[in-house]
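Contents: one structure, followed by commentary.
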């Protein structure tokens, strides 16, 4: 596949906003390296780079909450991705549908 010129950071990562393709709700912010992006494009399901574990991970591999890719967009600078998905379950490891379930007012 011929990819546009994307700008990965000095660690080889690019930030990825994951959005529910139906509702438009933002599900999570994650990171991909070139291999995670390639696996995502080839498989049609999201793969990311875990900064804490320093390893690739396939979303839903253990939970079953896979994210089927509808579309991958990139921003005007080529340094961020938007992945629109159809989620099979919660995106957040806490069990919430979205990782963005809290507001600053909650303390």
- prompt: Which whole-number percent gives the relative contact order of the stretch 14-87, counting Cα pairs below 8 Å spaced six or more residues apart?
  reply: 33
- prompt: Between residue 105 and residue 63, what is the spin-label point distance in nm, taking each point 7 Å from the Cα along the Cα→C-beta axis?
  reply: 2.7
- request: Can you work out the PRE-style zone for residue 75? Point 7 Å along Cα to Cβ, and I want the residues of the stretch 16-52 with backbone N under 11 Å.
  value: 16-17
- prompt: How would you rank 43, 52, going from fewest to most other Cβ atoms within 10 Å of each one's own Cβ?
  reply: 52, 43
- line: Ordered by fewest other Cβ atoms within 10 Å, a rough proxy for footprinting exposure, 40, 46, 62 read 62, 40, 46
- prompt: Most fluctuating residue of 86, 11, 73 in a GNM of the chain with Cα springs under 10 Å: which is it?
  reply: 11
task: Identify the residues of the stretch 72-103 with backbone N under 11 Å of a label point that sits 7 angstrom from the Cα of residue 29 along the Cα-to-Cβ direction, or state none.
output: 100
field: Sorted peptide list for 14-22, 74-82, criterion being average Cβ within 10 angstrom, highest first
entry: 14-22, 74-82
message: I'd like the Kirkwood hydrodynamic radius of the stretch 14-87, using the inverse of the mean 1/r over distinct C-alpha pairs, in Å.
response: 12.2
- prompt: Restricting to the stretch 1-85, what percent of DSSP beta bridges are antiparallel, rounded to 5?
  reply: 75
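No value in this document is a laboratory result; all are computed from the given coordinates. Keep in mind the model is a prediction, meaning the values are calculated, not measured. With ideal geometry, Cβ positions are generated from the backbone for all residues, glycine too; neighbour counts draw on all protein chains shown.
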